[in-house]
Amino acid sequence: MREERMAAVEAAINELQKQVANPQPTNWLQQITGSFKDEPAFEDVLAYGRAIRQGDESV
């Protein structure tokens, strides 16, 4: 039992070392694109941003 746990830990460490040695480039924009599509307040946020860019003083 102890040997199995040790082997699992060693395998996990090896996998982490591979990931650290060869990091995959990530595009943060692709990771978040669409993540707010079902958020009801997102349309409000877009409207506020649009109003601010257009110089709407009432915001």
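Rolling a 1.4 angstrom probe over the protein heavy atoms, how many square angstrom per residue are accessible across the chain?
Value for the chain: 101 Å² per residue.
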Dipole of the chain, positive direction: furthest Cα of A21, M1, Q31, with charges on the beta-carbon: A21
Matching label, Cα Rg over 2.2 N^0.38 Å computed from the structure shown, candidates [x] 1.43; [y] 0.98; [z] 2.22: [z]
Sparse-neighbour loop sites [trypsin sites (Lys or Arg not before Pro); the chain; at most 16 other C-beta within 10 Å; DSSP]: K37
Pair V20, A51: separation of 7 Å Cα→Cβ label points (nm): 4.9
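The values are calculated or read from the model by the stated rules, or taken from the named source; none is laboratory data. These numbers were taken from a predicted model, which means no experiment stands behind them. Note that each Cβ is placed from the backbone with ideal geometry, even for glycine, and that neighbours are counted across all protein chains shown. Accessible surface is based on the protein model in full, side chains and every heavy atom, while ligands, DNA and RNA are left aside. Shrake-Rupley method; radii C 1.70, N 1.55, O 1.52, S 1.80 Å.
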